[in-house]
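The values are calculated or read from the model by the stated rules, or taken from the named source; none is laboratory data. Just so you know, these numbers come straight off a predicted model, no measurement behind them. Cβ sites come from the backbone with ideal geometry, for glycine too, and all protein chains shown count toward neighbours. Ligands, DNA and RNA are stripped out before the accessible areas are found, and what is left, the full protein with its side chains, is counted by its heavy atoms. Shrake-Rupley method; radii C 1.70, N 1.55, O 1.52, S 1.80 Å.
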Amino acid sequence: MTLRRGPTRGTADERIAPATLDGLNALIAGSKPLVPGATRAVLGEGPIGASIAFVGEQPGDQEDRQGRPFVGPAGQLLDRAMSDAGIDRHAVYVTNAIKHFKFEQRGKRRIHQRPTAGEVKHYRWWLDQELRLVHPRLVVALGATAILALAGKPLPIEKFRGRAEFDGRAGFITVHPSYLLRVPDRTAKEQAYREFVDDLRSIRRIASAHQNA
C-alpha cells in the first residue's frame, strides 16, 4: 500500500530547508504556536539515524510542561509496550505531527483538543523535514492525526492498520497509546494492549529486516 501526500503550499520560513536537525529544531522552537496557550514547542527526541521513528498526534499537558515528547500517561504506556515488544526507547526517535499543545482551559485543568486538518497541514512541512534529517528505516503512524500528517488524507485505522508507505518512506499504521487508556472495559483494554504490543513486535522485525537488506 502506497500512501502519498498532496502538495503543501510553503510559507516564508519553509522555502529553505535546514541542513541539520538542530537547525530545524531552532526554527520550530522560534516559531509562534499556531494554537493559543502552548508554553513551548515540543521537539522530537532520539538519535539521528534511528531505525524507527514513532509519530504521534501532539504534545499533551505533561509534554508541554516538561518540553519532551511522550512523557505523560500515554507515553508511559508506550514505554511499557515497547519494553514488552523488545524495543529500546532510547534507540528510537519519537515525535509528534503537531509541535504545540492545543487545549481548552477548564478550571485548573488543561483539556486536550484534537487538531484540525488545517493545523495538521500547517505543521506537515516541519515533520517532513524532521524525518528527512533523522532518516529512519521505518516511520510509524500512531493514530489518526499522524496518519493524516504522513499520508495527507484520513484513513481508518481498522482498515489500514499494518504496513504502509508514506511518500516513499517505509511505514506502519497502528493506534495511538492514548486510545488504550480510553478503552473502558478491562478485558477489551487488555486485548487492545496485546494487539498493540504485537504491532510493535512486527515493527521491530520490519525495521530489522530493512537494516539487513
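Among the residues of segment 176-187, is there at least one that is closer than 21 Å to Ile206 by Cα and open to solvent by less than 10 Å² (accessible area, probe 1.4 Å)? Step through it out loud before you land on a result.
Of segment 176-187, the ones closer than 21 Å to Ile206 by Cα are 176-177.
Subsequent filtering for residues that are open to solvent by less than 10 Å² (accessible area, probe 1.4 Å) retains 177.
Yes, segment 176-187 contains a residue that is closer than 21 Å to Ile206 by Cα and open to solvent by less than 10 Å² (accessible area, probe 1.4 Å).
Residues of segment 132-141 include none that is without any contact (Cβ under 8 Å) to a residue 40 or more places away in the chain and part of a helix (DSSP H, G or I).
Can you name the residue in segment 71-114 that is over 19 Å from Phe196 (Cα atoms) and in contact with a helix residue (DSSP H, G or I) (Cβ under 6 Å, 6 or more places away or on another chain) and is also surrounded by the fewest Cβ atoms within 10 Å (Cβ to Cβ) among such residues? Within segment 71-114, the match that is surrounded by the fewest Cβ atoms within 10 Å (Cβ to Cβ) is Arg110. Within segment 164-175, restricting attention to residues that are free of Cβ contacts under 8 Å to residues at least 40 places away in the same chain and surrounded by 15 or more Cβ atoms within 10 Å (Cβ to Cβ), the residue that is farthest from Val55 (Cα to Cα) is Arg169. The condition of being open to solvent by less than 10 Å² (accessible area, probe 1.4 Å) and in contact with a Leu (Cβ under 8 Å, 6 or more places away or on another chain) holds for Phe196.
Which residues, counting only those in segment 31-48, are of a type in the set (A, V, I, L, M, F, W, C) and crowded, with 16+ Cβ neighbours inside 10 Å?
If we filter segment 31-48 for residues that are of a type in the set (A, V, I, L, M, F, W, C), which is where we start, we get 34-35, 38, 41-43, 48.
Result: Leu34, Val35, Ala38, Ala41, Val42, Leu43.
Looking at (1) open to solvent by 30 Å² or more (accessible area, probe 1.4 Å); (2) in a helix (DSSP H, G or I); (3) not basic (Lys, Arg), which is the one condition that is false for Ile203? Tallying (1) open to solvent by 30 Å² or more (accessible area, probe 1.4 Å); (2) in a helix (DSSP H, G or I); (3) not basic (Lys, Arg), Ile203 fails exactly one: (1). Please find, within segment 30-62, the residue that is nearest to Thr145 (Cα to Cα) out of those that are acidic (Asp, Glu) and at pLDDT 95 or above. Restricting to residues being acidic (Asp, Glu) and at pLDDT 95 or above, the top hit is Glu57. Is one or more of the residues making up segment 46-66 among the hydroxyl-bearing types (Ser, Thr, Tyr) and in contact with a helix residue (DSSP H, G or I) (Cβ under 6 Å, 6 or more places away or on another chain)? Yes, there is a match, as at least one residue in segment 46-66 is among the hydroxyl-bearing types (Ser, Thr, Tyr) and in contact with a helix residue (DSSP H, G or I) (Cβ under 6 Å, 6 or more places away or on another chain).
Within segment 153-163, how many residues turn out to be assigned to a loop (DSSP other than H, G, I, E, B) and open to solvent by less than 30 Å² (accessible area, probe 1.4 Å)? Break it down into steps so the answer makes sense when it comes.
Filtering segment 153-163 down to residues assigned to a loop (DSSP other than H, G, I, E, B) leaves 153-156, 161.
From the residues that got through so far, the ones that are open to solvent by less than 30 Å² (accessible area, probe 1.4 Å) too are 155.
Qualifying residue count for the region: 1.
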